[in-house]
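Here, each number is a calculation from the coordinates, and none is a lab measurement. Bear in mind that the values here come from a model prediction, so they are computed numbers and not experimental data. Glycine also receives a Cβ, built like all others from the backbone with ideal geometry; neighbour counts cover every protein chain displayed.
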């Protein structure tokens with residue numbers, strides 16, 4: 001299936017910004033509803049409102065492409081290696097605690113590989129996406145839905161293995177992660193929530209992001225696409241083979257996102 005990347009990128013970008021506006025209206029309110037899903041993870045009215053907006057927009061523009069979205073469990077039983085995948089609000093805990101490190105994530109997976117994606121952090125005003133050619137850019141300016149602003153090409157660092165910058169999860173750090181990070185010569189550590197960790201590697205602000213914890217494909221696909229478009233890679237933790245998508249149940253194994261010059265250590 002031939003995908004019109006110009007149209008796709010414009011639609012993904014616009015829907016992410018519109019969803020971000022809706023999320024921030026709820027974020028800035030005095031109170032909002034929080035429910036608990038069957039897997040004990042929280043969901044807010046912002047997740048549901050953003051999901052409704054994005055999924056309606058994608059289905060209208062790309063009715064022939066399969067859609068998988070976190071908030072619609074009926075889509076989790078689908079299977080294919082080419083699909084659109086959405087996490088309308090990644091970092092719900094960050095949102096609930098008003099920490100700002102949450103993102104809107106929309107991606108296209110083709111042949112099991114995330115090829116185009118957008119990661120928008122509305123509370124931080126940072127917008128990362130792959131352009132029609134697959135090159136990753138960060139957009140600045142007022143982020144108007146229908147008018148793209150100035151963009152800067154993103155490129156991973158030329159990592160110095162004697163002084164690496166590592167980014168790790170804010171809410172999912174554990175001893176296994178710390179033990180693995182301890183195998184490297186680390187200059188400094190950053191913590192970040194949600195898919196922003198991929199984007200920090202993609203901009204060269206970090207060199208390495210190991211994730212030794214449960215994630216789903218909708219958590220990672222957009223950030224993976226942005227990192228790939230900046231020259232980086234995401235590999236499985238167990239055998240360092242490329243992380244692929246369209247897996248049964250859309251669950252990920254542990255993984256490592258990195259700049260290509262990082263000398264990866266065995267698990």
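Between residue 97 and residue 39, the contour length at 0.36 nm per residue exceeds the alpha carbon distance by 18.9 nm.
In the elastic network of the chain, a GNM with C-alpha springs shorter than 10 Å, the most mobile of 11, 68, 36 is 36.
Summarising the strand pairing of segment 164-258, around 60 percent of its internal DSSP beta bridges are antiparallel.
Computed on the Cα atoms alone, the convex hull of the chain gives a volume of 119 cubic angstrom per residue. Out of 226, 235, 156, any idea which swings most in a Gaussian network model of the chain, alpha carbons joined below 10 Å? Result for the chain, Cα springs under 10 Å: 235 fluctuates most.
With a ≥ b ≥ c taken as the square roots of the eigenvalues of the C-alpha gyration tensor of segment 11-84, please select rounded if a/c is under 1.5 and otherwise prolate if a/b is larger than b/c or oblate if it is not? It comes out oblate by the Cα gyration axes.
Taking Cα pairs under 8 Å and at least six residues apart, what relative contact order does the chain come out at, in percent?
Computed over the chain, the figure is 18 percent.
Please work out how much length the chain gains when fully extended from residue 78 to residue 241, using 0.36 nm per residue of separation minus the C-alpha to C-alpha distance, in nm with one decimal.
56.2 nm
Shown for segment 164-258 is the translational diffusion coefficient from the Stokes-Einstein equation, using the Kirkwood radius over Cα pairs, a temperature of 4 °C and a viscosity of 1.567 mPa s: 98 µm²/s. The C-alpha atoms of the chain define a longest principal axis, and helix 45-61 lies at about 80 degrees to it.
Ranked by the mean number of other Cβ atoms within 10 Å of their residues, highest first, the peptides 86-93, 257-264, 243-250 come out as 86-93, 257-264, 243-250. Per residue of the chain, what 222 nm ellipticity follows from adding -39500 (n - 2.57) for every DSSP H run with n ≥ 4, rounded to the nearest 500? Result for the chain, helices only: -8500 deg cm²/dmol. Classify segment 115-214: rounded, prolate or oblate, from the alpha-carbon gyration tensor (a ≥ b ≥ c, eigenvalue square roots; a/c under 1.5 rounded; otherwise prolate if a/b is larger than b/c)? Prolate, since a/c reaches 1.5 and a/b exceeds b/c. Defining a contact as two alpha carbons under 8 Å apart and six or more residues distant in sequence, what relative contact order in percent does segment 1-104 show? Reported relative contact order: 23 percent. Result for the chain in a Gaussian network model with C-alpha springs under 10 Å: among 119, 43, 201, the largest mean-square fluctuation is at 43. Here the label points at residue 205 and residue 179, each 7 Å from Cα along the C-beta direction, are separated by 3.1 nm in the simple model.
Approximating the spin labels as points 7 Å out from Cα along Cα→Cβ, the residue 30-to-residue 265 distance works out to 5.1 nm.
Evaluating kT/(6 pi eta Rh) at 10 °C and 1.306 mPa s, with the Kirkwood radius of segment 5-153 over Cα pairs in the Stokes-Einstein relation, gives 102 µm² s⁻¹.
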